[in-house]
Every structure is written in structure tokens, then in C-alpha cells.
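Since the structure comes first, as C-alpha cells, the remarks are kept for the end.
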Amino acid sequence: MSDYLLETKGLTIQFGGHVAVSDVSFQIKRHTFTSIIGPNGAGKTTFFNLISGQLKPTAGQVIFQGRDITKMPVHQRTRLGLGRSFQLTNVFPNLSVLENVRVAVQAASGGGFRLFSHYKKFHRYEERAMELLTLAHLDGKEGHLAKHLSHGDKRKLEIAILLALEPDVLLLDEPTAGMSLEEVPQIIEVIRSLKDSGQHTVLLIEHKIDMVLGLSDALAVLFNGKLLAQGSPDEIMQNELVQSAYLGGLYDDAVNG
């Protein structure tokens with residue numbers, strides 16, 4: 001049996017003449033926190049889309065829990081335990097905060113055929129939803145309509161919904177994107193609590209280097225669609241190739257060019 005919970009082997013996708021992700025072989029172990037960094041256009045979100053099934057690769061494999069899921073559709077990957085957030089929030093705007101999470105808890109428990117029954121009929125779903133809202137620092141806002149939340153609180157709600165589905169891997173795509181400076185520490189605190197619990201495997205895309213250095217067990221660097229390096233934060237920061245390509249002039253050219 002593989003030591004890795006999730007891995008890719010030679011993962012590649014080509015759009016016409018453009019190779020967005022090129023021959024990426026990547027691994028993460030269970031209950032670790034791994035961040036993917038790289039300049040804009042490096043292929044990070046495309047790589048996430050290949051893992052979660054939004055895109056089909058031109059070549060290569062995605063292996064999850066020792067099983068080849070390369071040809072598996074999104075909903076089946078979700079059932080297996082891949083939970084994915086997006087750069088844009090994805091919640092039910094006209095449901096309350098509690099109802100958003102309760103629906104997800106109910107669906108995960110097999111009660112999906114009664115998704116929109118009144119939550120007071122399902123106390124165990126409600127209790128679990130409140131536990132997750134507390135974890136996401138949203139307790140006290142359970143009665144608010146989701147559409148009235150701040151952007152930062154919507155991101156926290158999305159994480160609570162993901163946790164309700166009990167995924168083995170949380171794929172978080174730039175959870176701080178679009179947030180005000182005041183909101184960023186709150187979402188970092190939520191993500192840190194996931195790491196500190198020791199119960200979750202997290203794969204994060206994030207541009208904030210100070211954030212990923214403080215949270216991550218491992219970093220992977222993508223550059224021009226290729227995996228430039230993978231290792232501990234100290235190893236990555238001391239890697240001369242990373243320093244020249246990502247932290248140095250080539251990174252500046254990629255962002256500003």
C-alpha cells in the first residue's frame with residue numbers, strides 16, 4: 001500500500017499549443033499540511049482542477065488512497081473524500097448560515113432526500129452543524145442569511161460546509177483571495193485550527209508567503225506549469241533554483257509582465 005494519501009504521476013494538460021501543467025509528479029501524506037506556491041500563471045489552480053476532476057488530463061494519473069481516479073467524475077471524487085473550495089465563494093445565499101452547513105451534514109449522512117426539510121426536525125444534523133460553525137468561528141451568526149455575510153465570513157462558511165462532507169483531503173484554493181486586511185487573520189486562524197487538530201490533510205494554494213511558511217509542513221513550487229521543487233519550508237526557501245525563479249527576477253517578470 002502506498003505511503004501517500006494523494007499523488008499525481010506525470011500529470012499533464014495541454015490547451016492547444018499551451019502546456020498548462022507539465023509532467024507533475026507530486027505526493028502528500030495523510031494528516032499533513034502542504035501548500036502550493038508559484039507566480040500567477042504557474043498552473044496552480046489548473047493543477048487543483050485536475051486533482052478534483054474539473055479538468056481531464058492530457059496525460060498522467062491522479063492516485064487517491066492507492067486508487068487511480070484519473071477518469072473519475074467530480075461527484076465520485078467528492079464521495080471518496082476529496083473536498084474542494086474555490087477562489088469564488090460557493091454557498092446557498094438565501095439559506096441561513098446554519099442551514100447551509102446542516103444541508104451538507106445531512107447529505108453526508110445519507111439524508112439527502114430530505115435536504116430542505118426544516119432543520120428543527122433533525123437535531124443531530126443541527127448539533128453537528130453547530131460544532132462545525134464553532135470550528136469555523138461563525139457561532140453567533142448561525143441565523144444570518146449567507147448572502148448577508150462579509151466575504152471573509154463566506155469563506156469560513158465554505159470551509160465549514162467542506163468539513164461537513166468529512167473529506168479526507170481539503171483542497172483550499174486561495175482562501176484569502178478578495179479579503180480585506182482585517183479579515184485575513186480570521187481565516188488564517190480557522191485554517192490554523194484545522195492544522196493544529198491533527199485530523200485533517202490540507203492542500204492549500206496561497207500567494208501569501210508568510211502565511212504558508214507559518215502553516216505548512218511541506219511546500220511545492222510550480223513555475224510555468226512544472227514542479228520546480230517540493231520539500232519542507234526551510235528546504236524550499238534555501239533552494240537556489242526557487243530563489244532565482246520564484247523569489248527573484250523571474251517571479252517579478254511573471255507577475256508584472
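Results, tabulated for the structure shown:
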quantity: Residue that is surrounded by the fewest Cβ atoms within 10 Å (Cβ to Cβ), among those in the stretch 1-53 that are among the β-branched types (V, I, T) and more than 15 Å from the chain's Cα centre (by Cα); calculated: V19
quantity: Selected residue [of a type in the set (D, E, K, R) and either assigned by TED's automatic domain parsing to the domain that holds S35 or under 16 Å from H207 (Cα atoms) (or both)] from D139, D173; calculated: D173
quantity: The stretch 183-223, subset without any contact (Cβ under 8 Å) to a residue 24 or more places away in the chain and among the acidic types (D, E), residue nearest to H31 (Cα to Cα); calculated: D196
quantity: Test: S96 is touching a residue at least 40 places away in the same chain (Cβ under 8 Å), under 19 Å from L204 (Cα atoms) and hydroxyl-bearing (S, T, Y); calculated: no
quantity: Breaking point among (1) over 20 Å from the mean Cα position of the chain (by Cα); (2) more than 24 Å from T46 (Cβ to Cβ); (3) outside any helix (DSSP H, G or I), for L228; calculated: (2)
quantity: Test: residue in the stretch 184-202 that is at pLDDT below 90, surrounded by fewer than 17 Cβ atoms within 10 Å (Cβ to Cβ), assigned to a helix (DSSP H, G or I) and among the aliphatic types (A, V, I, L, M); calculated: yes
quantity: 3 or more residues not basic (K, R): qualifying strands (runs of 3 or more DSSP E) within the stretch 1-113; calculated: 6-15, 18-28, 33-37, 59-64
quantity: Odd one out for I205, checked against (1) buried (at least 17 other Cβ atoms within 10 Å of the Cβ); (2) over 24 Å from V19 (Cα atoms); (3) at pLDDT 90 or above; calculated: (2)
quantity: Selected residue [acidic (D, E) and at pLDDT 90 or above] from D252, D234; calculated: D234
quantity: Tabulated pairs, the stretch 12-36, first on the phi > 0 side of the Ramachandran plot, second of a type in the set (V, I, T), C-beta under 6 angstrom, 6+ apart or interchain; calculated: D23/T12; H31/T201
quantity: Residue match in the stretch 149-168 (condition: crowded, with 18+ Cβ neighbours inside 10 Å, modelled with pLDDT of 90 or more and not in a helix (DSSP H, G or I)); calculated: yes
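The values are calculated or read from the model by the stated rules, or taken from the named source; none is laboratory data. Everything numeric here is computed off the predicted structure, so don't read it as measured data. When we count neighbours, we look across all protein chains shown, and the Cβ atoms used for this are built from the backbone with ideal geometry, even at glycine.
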